[in-house]
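Laboratory data are not the source of any read-out in this text; all were calculated from the coordinates shown. This structure is a prediction, so every number in the text was calculated from the model and none was measured. Virtual Cβ from ideal backbone geometry, glycine too; neighbours counted across all protein chains shown.
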């Protein structure tokens with residue numbers, strides 16, 4: 001029986017070794033060498049120097065800060081709006097499938113297309129969005145204004161957060177809607193018999209039952225938000241200045257533009273450790289609730 | 001096995017075990033199939049002639065126009081030469097990543113690759129592109145005239161004294177202006193500023209355009225390249241003797257202050273720090289600005305009735321403005337970069353590949369490329385070809401400004417990193433996070449530390 005267990009899982013483990021463990025091990029190997037495009041054939045071992053270079057680079061810390069702000073200020077509205085839409089659609093009505101299809105459309109557009117589309121929509125002179133905002137008194141600079149707003153480094157980052165919310169709230173909606181559909185009916189019937197109000201039902205029955213589902217949605221979205229690259233690179237390329245330069249953009253520029261392969265590998269290892277800690281924390285406290 | 005048989009006897013267990021086994025088999029089979037398919041060599045029919053594969057950027061006009069040139073070659077010369085040319089287009093976005101990973105993987109799947117000159121140093125140092133001198137001096141292989149090339153273009157493909165590529169297109173920027181509004185284009189930066197103010201509605205309510213001009217200030221490839229033209233014309237140079245960086249010279253600071261001053265004065269659109277090639281194109285096409293500093297490749301689109309219905313017959317080009325010196329002369333500078341063909345050091349058809357790149361960049365190949373909409377191969381014979389005079393009326397001026405004022409980046413292996421440093425610090429200056437002086441001081445310091453680490457200072 002034990003042998004069967006190992007036999008059956010062996011193919012999957014082999015696959016994981018090939019597509020996950022080996023690339024990670026190779027990245028760790030590269031991170032220990034002073035290696036760039038032109039020293040690729042003859043790299044020099046440099047130990048933890050790349051890690052020290054990453055950790056002492058002020059732009060790395062800036063990108064970490066930008067990423068944290070991007071994730072935090074995007075995930076909360078996505079969760080709230082997604083939950084609101086899921087609750088609204090948690091009933092049968094005519095045309096529900098059409099409404100659902102329309103809601104998930106932003107999610108199915110390719111991110112590169114979304115980025116290009118919003119680059120044009122947000123153009124100060126010819127863009128539709130700044131035009132209507134100016135009509136209601138907004139002064140402009142959705143992407144170009146580098147001034148900070150509250151905790152957000154620039155208006156450009158706030159705009160990118162808004163674009164991400166538009167794109168990925170449907171994903172949260174899909175997960176939460178499925179969760180709501182799977183909830184048991186008995187507690188609701190009992191609550192109605194006991195005379196509970198809708199708010200009480202939501203607070204004491206729906207929310208606790210939905211907690212694991214919301215945790216799953218939060219974990220998935222947080223991981224994806226940390227990895228977000230396409231819309232940021234296409235719309236702002238990390239500018240103005242470095243106010244929208246997230247970890248993924250920072251890594252890309254070092255690896256593929258500057259050709260600093262060793263530095264980039266060290267960066268990816270550090271990001272992996274950081275994401276592992278974040279995910280562990282989220283799974284422990286959000287999913288298992290302890 | 002006994003225990004497993006016992007489990008299998010119960011109905012529920014059969015369902016669970018069967019489901020698990022079937023699921024694993026399906027997943028593994030699917031993934032194995034994908035891995036097998038991906039690991040197959042590119043499926044190409046067995047060619048009757050040897051094929052020389054050229055990786056080419058798939059943006060207009062490169063791959064389309066080179067394909068037309070290759071088709072002409074294949075029809076006319078392939079039988080005698082013993083090979084045919086196959087252009088393999090690669091998506092525009094991600095081209096650099098493809099180039100890096102393919103070249104470093106030592107793959108023989110291609111023979112030639114389109115490459116920007118600023119990367120030649122680092123790939124030459126990596127040993128993944130072939131030096132061409134011994135092919136060029138072997139006249140039995142393909143007699144080739146290097147003297148016909150513009151000097152700036154040949155310098156851009158040399159590294160440590162050897163030629164590592166053949167120039168296949170050259171690019172620079174023009175001052176595009178509305179000839180119906182501006183009778184004489186500005187010669188100096190001061191005149192440029194005054195003309196820009198005159199066509200900005202906040203200075204001149206009667207201005208037919210909202211802004212006088214525009215600039216590419218979005219963080220990316222073009223932000224540094226446009227600034228270099230201001231930098232050089234103000235008298236700046238990248239390095240003093242012995243590779244000491246001098247980006248933060250007084251000329252450098254003045255040039256950046258001038259360029260950012262256009263934004264502070266409000267003569268360029270307010271979100272110009274998000275403007276790259278497309279946005280600058282739209283600004284002039286949409287009659288938002290009266291002038292624009294823009295790449296030569298835009299000429300075709302600006303003067304096309306289909307692409308620029310509002311301005312196609314109202315646009316003219318001029319050399320970029322410059323800096324007036326005390327003796328009255330004007331110091332201008334035009335940034336020049338060259339797209340080149342490089343020969344894969346791991347190609348299995350090096351001699352044929354050299355012949356292919358030689359023909360593609362010969363006068364005949366270049367004329368076929370240009371006639372199909374391509375940008376100029378930097379040969380004098382191409383710029384002056386009578387059959388292209390009507391197709392590319394901008395080329396005589398282009399040839400003149402490149403010869404007189406053309407300057408290029410320095411093809412050292414570290415240049416890609418330096419370019420990105422310039423990007424970062426210019427962007428910080430444009431965002432107001434650093435003053436121009438502080439930004440260029442920081443840039444200078446970063447470049448110095450980089451070159452020191454690479455052993456430039458002994």
If you count, for every residue in A:8-14, the Cβ atoms of partner chains within 10 Å of its Cβ, what is the mean? 3
Over all pairs of different Cα atoms in the protein assembly as shown, the reciprocal of the mean inverse distance gives a Kirkwood radius in Å of 29.3
Running Debye on chain A with equal point scatterers at the Cα sites and no solvent, what base-10 log of I(q)/I(0) appears at q = 0.07, 0.12 Å⁻¹? -0.37, -0.97
Inter-chain shielding of B:278-288 (mean C-beta neighbours from other protein chains, 10 Å cut-off): 2
For region B:99-144, the fraction of alpha-carbon pairs in successive 5 Å shells from zero, as %: 5, 18, 26, 20, 17, 11, 2
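Could you compute the FRET efficiency for residue B:26 and residue A:275, with r as their C-beta to C-beta distance and R0 at 41 Å, rounded to 0.05?
After rounding, the FRET efficiency stands at 0.85.
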Out of every Cα pair in region A:34-110, what percent are spaced more than 18 Å from each other? 68
Determine how many Å³ per residue the convex hull of the Cα atoms of region A:120-270 encloses. 172
Report the extension gain between residue A:22 and residue A:192 in nm, rounded to one decimal, defined as 0.36 nm multiplied by the number of residues separating them, less their alpha carbon distance. 55.6 nm
Over region B:154-221, equivalent-ellipsoid semi-axes from the Cα gyration tensor in Å: 38, 13, 11
Of the beta bridges DSSP finds with both residues in chain B, what % are antiparallel, to the nearest 5? 65
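Ranked from highest to lowest mean number of other Cβ atoms within 10 Å per residue, what is the order of the peptides B:356-369, A:21-34?
Sorting B:356-369, A:21-34 by mean packing, highest first, produces B:356-369, A:21-34.
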Using R₀ = 25 Å, calculate the FRET efficiency as 1/(1 + (r/R₀)^6) where r is the Cβ-Cβ separation of residue B:202 and residue B:435; round to 0.05. 0.55
Across bins of 10 angstrom width beginning at 0, how are the C-alpha pair distances of region A:1-54 distributed, in whole percent? 22, 31, 22, 15, 10, 0
What FRET efficiency, computed as 1/(1 + (r/R0)^6) with R0 = 51 Å and r the Cβ-Cβ distance, is obtained for residue B:450 and residue A:136, rounded to the nearest 0.05? 0.60
Expressed as a whole number of Å, what is the distance separating the alpha-carbon centroids of region A:1-49 and region B:230-249? 44
Expected sort for A:65, A:96 with the fewest Cβ neighbours (10 Å cutoff) up front is A:96, A:65
Number of partner chain Cβ atoms within 10 Å, mean per residue of A:33-46: 4
Ranked from highest to lowest mean number of other Cβ atoms within 10 Å per residue, what is the order of the peptides A:125-133, B:424-432? B:424-432, A:125-133
Computed [θ] at 222 nm, deg cm²/dmol, chain B (DSSP H ≥ 4; -39,500 (n - 2.57); rounded to nearest 500): -13000 deg cm²/dmol
How many nm is it between the label spots at residue A:55 and residue A:96, if each spot is 7 Å from the Cα in line with the beta carbon? 5.4
Can you give me the Rg/Rh ratio for region B:273-374, using Cα atoms for both radii and the Kirkwood formula for Rh? 1.12
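Kindly provide the helix-only [θ] at 222 nm of chain A, computed as the sum of -39,500 (n - 2.57) over DSSP H runs of four or more divided by all residues, to the nearest 500 deg cm²/dmol? Please report the intermediate quantities before stating the final value.
Values: 14 runs with 189 residues, N = 290.
The helix-only estimate for chain A comes to -21000 deg cm²/dmol at 222 nm.
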Inter-site label distance for residue B:147 and residue A:220 at 7 Å from Cα along Cβ, in nm: 6.9
To check you understand DSSP bridge types, tell me what percent of the beta bridges within the protein assembly as shown (both residues inside) are antiparallel, rounded to 5. 70
Quick one: the Cα spread of chain B along its three principal axes, in angstroms, biggest first? 98, 62, 58
Could you work out how far the C-alpha centroid of region A:96-156 sits from that of region A:178-208, in angstrom? 37
More than 19 Å apart: what percent of Cα pairs in region A:174-250 qualify? 56
Give me Rg over Rh for region B:63-139, both radii from the alpha carbons and Rh done the Kirkwood way, two decimal places. 1.00
Restricting things to alpha carbons, find the Rg to Rh ratio for region A:8-144 using the Kirkwood radius for Rh. 1.13
Rule-of-thumb Rg ratio for region B:343-458 [Cα; 2.2 N^0.38 Å; N residues]: 1.55
Under 1.5 on a/c is rounded, so check that first for region B:317-390, then, if it is not, pick prolate when a/b is larger than b/c and oblate when it is not; a ≥ b ≥ c are the square roots of the alpha carbon gyration tensor eigenvalues. oblate
